[in-house]
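Accompanying notes for the structure given below.
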Amino acid sequence: NDMRAQRSAINEMLASGAAPTAQVAYLHYLSGYAAMQGGAIDDAITQFSSARTQGYDKPQLSLMLVDAYVRRGRQGEALKLLVETIDRQAASGQSVPAPWFDRGAALAYAQKDWALFARLQAGKLAAYNSPGDWRSAITSYIAGANPDKEVQLDLLRLQYATSAFASERDYQGYATLAS
């Protein structure tokens, strides 16, 4: 259970050149994982990047690399990698977990990339259609992107049509804008 010792042993195997070629990429992933657990974020980024370059590109690796990028303030790189991961998962016919969409939407919101924010929210809504998700997507978009009044009215109509009004405030805002 000593991550530091495990990381050291893995790095020694990689440095020796004696590791089986077929396992090198996976060992870089394991070294990156141990580095993340030990708080060595820069080394984790290096190891995860090496693993990806050498062909080990599983979603869990990408998600850990996204987390490492965020921890280092590299949100743009994190967002790009997360979107690639979501797109690959969807293209493979596998469902994309809702938290992936949420994380991507949060990063896009922080970057003020409203087109990407809308795309990620649309992906989530296509897969996980619930009134709460509709409400969250629409109210977040309106608050962040601040579209003109006509677009806001259309979005509130969509929110109403999807049964996503949650309070009197939603109805009041809709009525005020419509009048």
Open to solvent by less than 30 Å² (accessible area, probe 1.4 Å), of a type in the set (Phe, Trp, Tyr), at pLDDT 95 or above and within 25 Å of Asp113 (Cα to Cα), is that true of Tyr69?
yes
Report those helices (runs of 4 or more DSSP H) wholly inside the range 1-68 carrying at least 3 residues which are without any contact (Cβ under 8 Å) to a residue 12 or more places away in the chain and over 30 Å from Ala106 (Cβ atoms).
3-16
Exclusive hit being out of contact with any helix residue (DSSP H, G or I) (no Cβ under 7 Å at 6 or more places or on another chain) and among the polar types (S, T, N, Q), set Ser140, Ser92, Ser163:
Ser92
So, of the residues in the range 137-179 that are of a type in the set (S, T, N, Q), in a helix (DSSP H, G or I) and over 21 Å from Ala98 (Cβ atoms), which turns out to be least open to solvent (accessible area, probe 1.4 Å)?
Gln152
Hits in the range 35-50 - residues which are surrounded by fewer than 18 Cβ atoms within 10 Å (Cβ to Cβ) and of a type in the set (S, T, N, Q):
Gln37, Thr46, Ser49
Could you figure out which of (1) under 22 Å from Asn11 (Cβ atoms); (2) under 18 Å from the mean Cα position of the chain (by Cα); (3) among the small types (Gly, Ala, Ser) isn't true of Ala78?
(1)
Qualifying residues in the range 72-88 (those that are surrounded by fewer than 15 Cβ atoms within 10 Å (Cβ to Cβ) and in contact with a Ser or Thr (Cβ under 9 Å, 6 or more places away or on another chain)) - the one farthest from Leu120 (Cα to Cα):
Arg88
Given Ala108, Ala91, which one is under 30 Å from Ser31 (Cα atoms), open to solvent by 50 Å² or more (accessible area, probe 1.4 Å) and of a type in the set (A, V, I, L, M, F, W, C)?
Ala91
Can you pull out the residues in the range 15-34 that are under 16 Å from Asp67 (Cα atoms), more than 21 Å from the chain's Cα centre (by Cα) and open to solvent by less than 20 Å² (accessible area, probe 1.4 Å)?
Ser31, Ala34
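The values are calculated or read from the model by the stated rules, or taken from the named source; none is laboratory data. In this text the structure is predicted, and so the values were computed from the model without any measurement. Using ideal geometry, Cβ is built from the backbone for each residue, glycine included, and neighbour counts are taken over all protein chains shown. We work out accessible area using only protein heavy atoms, side chains counted, and drop any ligands, DNA or RNA first. Shrake-Rupley method; radii C 1.70, N 1.55, O 1.52, S 1.80 Å.
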